[in-house]
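Novice: Handing you a structure now.
The values are calculated or read from the model by the stated rules, or taken from the named source; none is laboratory data. Worth saying up front: this structure is predicted, and the values here are computed from it rather than measured. With ideal geometry, Cβ positions are generated from the backbone for all residues, glycine too; neighbour counts draw on all protein chains shown. All accessible areas refer to the heavy atoms of the entire protein, side chains included, with ligands and DNA or RNA removed. Shrake-Rupley method; radii C 1.70, N 1.55, O 1.52, S 1.80 Å.
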Amino acid sequence: MASPPAKKVLVPIASGTEPMEAVITVDVLRRAGADVSVASVDPGSAQVGGAWGVKLAADALLDDLADAEFDLISLPGGMPGSSNLRDCKLLENMVKKHAGKGKLYAAICAAPAVALGSWGLLNGLKATCYPSFMDKLPSEVNTVESRVQIDGNCVTSRGPGTAMEYSVVLVEQLYGKEKADEVAGPMVMRPQHGVEFSLKELNSTSWNVGETPQILVPIANGTEEMEATMIIDILRRAKANVVVASLEETLEIVASRKVKMVADVLLDDALKQQYDLILLPGGLGGAQAYAKSDKLIGLIKKQAEANKLYGAICASPAIALEPHGLLKGKKATSFPGMWNKLSDQSECKNRVVVDGNLITSQGPGTSMEFSLAIVEKLFGRERAVELAKTMVFM
């Protein structure tokens with residue numbers, strides 16, 4: 001039997017868009033088989049500077065999609081990203097026309113209040129948004145504090161910490177519960193959302209490297225974009241200096257679900273300085289690229305020998321660290337489907353494992369916990385909890 005045509009989804013992005021919200025939505029919907037167009041509302045520029053210095057390249061300019069039909073339009077939040085979406089007349093007209101046809105539309109974080117609310121598209125509906133924007137929702141809206149709210153053809157949600165739940169709800173609305181569960185499973189999502197987060201720590205050592213830790217995050221074609229984006233975004237929120245380095249010949253890489261991420265520097269330029277912490281996002285293609293890079297592995301080996309900090313998530317502990325002896329004598333975890341590649345599996349059931357100067361974690365659904373655990377080790381529990389609350393993670 002021929003599979004039904006892919007559902008078409010529009011995710012517009014603008015200067016100041018919250019990258020976690022954009023990337024998680026796109027990634028999760030593409031996992032479900034949706035045909036997602038990431039469109040820049042910035043006139044003439046496909047490359048967009050998101051919040052926290054995260055650069056993304058859109059698939060298209062919104063102008064080129066003016067006449068396209070979609071099954072879902074989903075607006076990421078962030079400021080001034082949400083205002084830039086609101087001020088785009090073309091987008092406003094497209095969403096109004098789309099909603100008028102009874103089609104699914106959605107927004108997260110500041111975007112429900114700033115864009116949908118100001119366009120009158122939440123009137124008479126139950127809706128939620130980022131906590132500090134609740135009072136900006138028009139009085140015609142029935143405001144609720146749900147993490148994700150569905151009312152008719154409209155879905156709204158609260159922030160980066162609810163973005164994965166929101167995206168899975170969008171999959172369910174488009175494709176049904178079975179597909180949503182199938183997509184959620186391998187993402188290793190939290191069993192309970194909105195609760196405290198913890199890490200399993202062995203051989204505890206101080207990670208205090210000062211107020212501005214230098215952190216290297218390498219990316220390559222096939223890197224898991226949700227994981228990379230959450231790590232970069234959250235550590236920059238915590239005031240670390242994060243350098244995103246491309247292992248490819250260009251700054252732009254095509255991640256595992258085809259999101260185009262733009263690095264700050266090429267790896268060779270990144271190697272000119274020292275780092276307090278080196279972190280490898282996952283994604284099978286990305287992990288294989290890290291494993292094959294003699295320069296990168298050489299740098300991590302030096303880091304480990306000097307007892308400096310390093311970490312990896314998802315496929316990378318198993319594919320990049322283990323074969324190069326970088327987990328020797330250490331407890332670690334990885335993507336559950338790769339636990340059998342770890343020589344010591346005694347602690348792999350933990351979502352985040354810290355062993356001395358090494359931190360490892362399981363997958364996209366543990367990336368926020370992984371990043372917050374790093375914040376906790378570098379800056380203390382208080383800053384990590386504050387950040388978790390800001391992101392509506394807890």
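Novice: Students often get this wrong: which residues of the range 68-95 have the backbone nitrogen under 19 Å from the point 7 angstrom along Cα-to-C-beta of Lys258?
Specialist: Flagged as within label range: 68-74.
Novice: Please enumerate, by chain and number, the aspartates and glutamates with C-alpha under 12 Å from the C-alpha of Lys101, excluding those fewer than 8 residues away in the same chain.
Specialist: Cross-link targets: Glu69, Asp71.
Novice: Return the FRET efficiency for the residue pair Asn241, Lys328: r is the Cβ-Cβ distance, R0 is 45 Å, and the value is rounded to the nearest 0.05.
Specialist: On the way: r = 29 Å, r/R0 = 0.65.
Once rounded, the FRET efficiency stands at 0.95.
Novice: Using r as the Cβ-Cβ distance of Leu61 and Lys179, and R0 as 30 Å, what FRET efficiency do you calculate, to the nearest 0.05? If you can, show how the numbers build up before the last one.
Specialist: Details: r = 30 Å, r/R0 = 1.01.
That pair, Leu61 with Lys179, gives E of 0.50.
Novice: Sticking with this structure for a sec: Over its Cα atoms, what ratio of radius of gyration to 2.2 N^0.38 Å does the range 133-182 give? Walk me through the intermediate numbers first.
Specialist: Numbers: Rg = 12.2 Å, N = 50, 2.2 N^0.38 = 9.7 Å.
Ratio of Rg to 2.2 N^0.38 Å for the range 133-182: 1.26.
Novice: Share of the chain's accessible area from carbon and sulfur, percent, 1.4 Å?
Specialist: On the way: 7410 of 14950 Å².
Carbon and sulfur atoms account for 50 percent of the accessible area of the chain.
Novice: Counting each pair of different Cα atoms once, what's the Kirkwood radius of the range 200-391 in Å, rounded to one decimal? Numbers along the way, then the final one.
Specialist: Details: mean 1/r = 0.0623 Å⁻¹.
So the Kirkwood estimate lands at 16.1 Å.
Novice: So if each residue of separation counts as 0.36 nm, and I subtract the Cα-Cα distance between Arg383 and Glu211, what length gain in nm does that give? Write out the running numbers ahead of the final one.
Specialist: Values: separation 172, 0.36 × 172 = 61.92 nm, distance 1.20 nm.
Answer, rounded to one decimal: 60.7 nm.
Novice: Would you list Thr205, Thr25 from the most to the least accessible area, probe 1.4 Å?
Specialist: Details: Thr205 65, Thr25 5 Å².
So, going from the largest accessible area down, we get Thr205, Thr25.
Novice: Now for a different question. Which of rounded, prolate, oblate describes the range 230-315, given a ≥ b ≥ c as roots of the alpha-carbon gyration tensor eigenvalues and a/c under 1.5 marking rounded, otherwise prolate only if a/b is larger than b/c? Intermediate results must be reported in sequence, preceding the final value.
Specialist: On the way: a/c = 1.41, a/b = 1.20, b/c = 1.17.
Rounded.
Novice: Ranked highest first by average number of other Cβ atoms within 10 Å, how do 42-55, 149-162, 107-120 line up?
Specialist: Values: 42-55: 17.4, 149-162: 23.4, 107-120: 26.9.
So the peptides 42-55, 149-162, 107-120, ranked by packing, come out 107-120, 149-162, 42-55.
Novice: At a Cα cut-off below 13 Å, give the aspartates and glutamates reachable from Lys377, other chains included and same-chain residues fewer than 8 away excluded.
Specialist: Result set, ordered by chain and number: Glu201, Glu211, Asp276, Asp355, Glu369.
Novice: Counting only DSSP beta bridges with both residues in the chain, what percent are antiparallel, rounded to the nearest 5?
Specialist: Numbers: 17 of 58 bridges.
Percent antiparallel among DSSP bridges in the chain is about 30.
Novice: Let me know the shape class of the range 304-394, please: from the alpha-carbon gyration tensor, a ≥ b ≥ c as square roots of the eigenvalues, rounded when a/c is under 1.5, otherwise prolate if a/b is greater than b/c, or oblate. Spell out each step's value before the answer.
Specialist: Details: a/c = 2.59, a/b = 1.55, b/c = 1.67.
Oblate, since a/c reaches 1.5 and b/c is not below a/b.
Novice: Which whole-number percentage describes the relative contact order of the chain, with Cα contacts under 8 Å and a sequence gap of 6 or more?
Specialist: On the way: 914 pairs, mean separation 57.1, N = 394.
The value is 15 percent.
Novice: Evaluate E = 1/(1 + (r/R0)^6) for His193 and Glu249, where r is the Cβ-Cβ distance and R0 equals 45 Å; express this FRET efficiency to the nearest 0.05.
Specialist: Calculated transfer efficiency: 0.65.
Novice: Could you work out how much longer the chain between Asp344 and Lys302 gets when fully extended? Use 0.36 nm per residue separation minus the Cα distance between them, nm to one decimal.
Specialist: Working: separation 42, 0.36 × 42 = 15.12 nm, distance 2.24 nm.
Gain on stretching Asp344 to Lys302: 12.9 nm.
Novice: Separation between the Lys101 and Lys126 pseudo-spin-labels, each 7 Å from Cα along Cα→Cβ, expressed in nm?
Specialist: 2.8
Novice: If you don't mind, another one. What lysines does Lys136 reach when the alpha-carbon gap must be under 26 Å and sequence neighbours fewer than 8 apart in one chain are set aside?
Specialist: Candidates past the 8-residue exclusion: Lys89, Lys96, Lys97, Lys103, Lys126, Lys389.
Novice: Across all directions of projection, what mean area in square nanometres is found for the Cα convex hull of the range 35-171? Provide the component values of the computation, followed by the final result.
Specialist: On the way: hull surface 30.5 nm².
Projected area, direction-averaged: 7.6 nm².
Novice: When only alpha-carbon atoms are used, what values of Rg and Dmax, in angstrom, describe the chain?
Specialist: Cα radius of gyration and Dmax of the chain are 20.4, 61 Å respectively.
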